[in-house]
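First comes the structure, then the notes that go with it.
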Amino acid sequence: MSYPIICSGNCKLPIMFKSLLIILFTFITTDLLFAQQNELEIQGTTNNLYVQHTVAPKENFYSIGRMYNVNAKELASYNHLHFQSGLDIGQIVKIPLTKNNFTQSTKSQPNYSLVPVYHTVAAGETLYRLGVNYNKVSLASLKKWNNLSSDAVSVGNRMIVGYLKVDKQLSTLDNNAGNTVTASTVNQQKEPNPNLPQTASKTPPADSNPTTPENTEATQPVSQAEKNPSVAAAKNTNSSEGVFKPFYDAQIANKPAETKSGQAGVFKSTSGWQDGKYYCFSNDAPAGTILKITNNSTGKSVYAKVLDTIPDIQQNAGLIVVVSNAAAGQLGNDENKFDCVVSY
């Protein structure tokens, strides 16, 4: 028995054929969304520049913050959204371009890659006007980034006007082995790093979980120690205390370490088990700071990077730090909470 493919009038398409059309439509719309997320189009004006992101399934403030190098709570505030309310699939979120995540310099920096941010030339716009509109970037820079031999631009041209600075380990927008990309580079989103926590399955932010603040690694700026080129060479050193120890040593080289005693909590993460990259939350040290955390009962220490403030949930009340379960395991902790000393 065969099904007719072409029909006229009010005849109905076969179920099998309609299913194929639905599948094809799904692939096309997915590809369009994928392309939109990968090619960043700048919006706004100087002092209020941003790009837009369409919320996909399983994304929340934390996962989007990791992608664009923006603090999760600052992202919610910038969009005038309630952090605890979460996000809806298909919702448009504005991503602020600040000195933390947007640069118009191509100088390399450890741990970071640069993703092009584009402007589409409109009627009447000139290369000079683009430079003025976007932080007075020089004509020489615009010509270099876009492989131009003259000042002429045409309507519809897509021009690089700066770069989104993303963490190589945390952002799925990082697709380039080096620190810069050119106008001819085609952005292709890579698969999430299996060594990093995955985002929550629905729209609420990760710290709305009443039991454990899972999957809450928000992208943050590197610490001052990590910006030190002399320390960067030691980054691959992976001892049982973690790869961030050299950065901690540089961090306290010119100042005495501050210490605090109290109780630590634990959150679940897939990071740190193999690579020695331990992470934590703290209300005392700013994001990017490296903490030395010592378990009082075992005397063992690890060095962990602060991701954000401690998630404000009941189980974290009174804690001075919340560490990844990989860090807790290295500290010899078999409980959800333990007494510790934190230095930074």
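Structural remarks
- Close amide H contacts of N157 (hydrogens built in the peptide plane, cut-off under 5 Å, sequence separation of 5 or more or a different chain): V121.
- Under-5 Å amide H pairs with L40, H placed in peptide plane, nonlocal only: Y118
- Loop-located trypsin sites (Lys or Arg not before Pro) in segment 115-165 (DSSP state other than H, G, I, E, B) with a sparse environment of at most 12 neighbouring Cβ atoms within 10 Å: K136.
- Cα centroids of segment 94-154 and segment 242-284: 36 Å apart.
- Given K107/K136; K73/K300; K73/K292; K99/K305, the pairs whose alpha carbons are separated by over 23 Å: K73/K300; K73/K292
- Karplus (6.51, -1.76, 1.60) ³J(HN,Hα), θ = phi - 60°, over segment 94-101, in Hz, Gly and Pro reported as x: 7, 9, x, 9, 10, 5, 7, 10
Where a number appears in this text, it was derived from the coordinates with a stated rule and is not lab data. Small disclaimer: the values here were computed from a predicted structure and weren't measured. No Cβ is skipped: glycine too gets one built from the backbone with ideal geometry, and neighbour counts run over all protein chains shown.
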